[in-house]
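Participant: What follows is a single structure, and I will ask about it in a moment.
The values are calculated or read from the model by the stated rules, or taken from the named source; none is laboratory data. Computed from a predicted structure; not experimentally measured. Methodologically, a virtual Cβ is constructed for each residue, glycine included, from the backbone with ideal geometry; neighbour enumeration extends over all protein chains shown. SASA here: full protein model, heavy atoms, side chains in, ligands and nucleic acids out. Shrake-Rupley method; radii C 1.70, N 1.55, O 1.52, S 1.80 Å.
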Amino acid sequence: MGLRLMKNGVQIVTVFNHPSGNRYETATNGMTIPLNVGDQVYMTLRANTWIFDNLNYHSTFNGFLLFPF
């Protein structure tokens with residue numbers, strides 16, 4: 001897996017996980033990013049990588065407003 005956090009088309013942070021045997025692996029990362037009105041924040045996967053999810057919501061992306069205007 002190679003997952004990237006993007007802000008306005010620029011990579012902010014990435015998390016990698018390399019397979020180790022025949023089992024599921026996990027990875028996590030967190031950060032606080034100052035945003036302006038109109039900024040776009042999204043996740044992308046690097047080429048030839050993938051993540052797993054199902055109805056148990058193993059894969060999540062969260063955002064929080066810390067300082068309202």
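Participant: Could you go through region 49-62 in sequence order and give the Karplus-derived ³J(HN,Hα) for each residue, using 6.51 cos²θ - 1.76 cosθ + 1.60 with θ = phi - 60°, rounded to whole Hz, and x for Gly and Pro?
Facilitator: Each residue of region 49-62 in turn: 10, 7, 10, 10, 8, 8, 5, 8, 6, 5, 9, 9, 9, 10 Hz.
Participant: If you don't mind, there's one more thing I want to ask. What number comes out for the charge environment of V13, summing +1 per Lys or Arg and -1 per Asp or Glu over other residues with Cβ under 14 Å away?
Facilitator: +3
Participant: While we're looking at this one, here's another question. Out of these labelled values of log10 I(q)/I(0) by the Debye sum over Cα atoms at q = 0.12, 0.21, 0.29 Å⁻¹, [x] -0.27, -0.80, -1.40; [y] -0.39, -1.02, -1.50; [z] -0.32, -0.92, -1.42, which was calculated from the coordinates shown here?
Facilitator: [y]
Participant: Here is a further query. So what is the accessible area of the chain per residue, in Å², with the probe set to 1.4 Å?
Facilitator: In whole numbers, the chain has 89 Å² accessible per residue.
Participant: Here's a follow-up. Could you tell me the accessible area of V10 in Å² (1.4 Å probe, neighbours in place), rounded to the nearest ten?
Facilitator: Accessible area, nearest 10 Å²: 90 Å².
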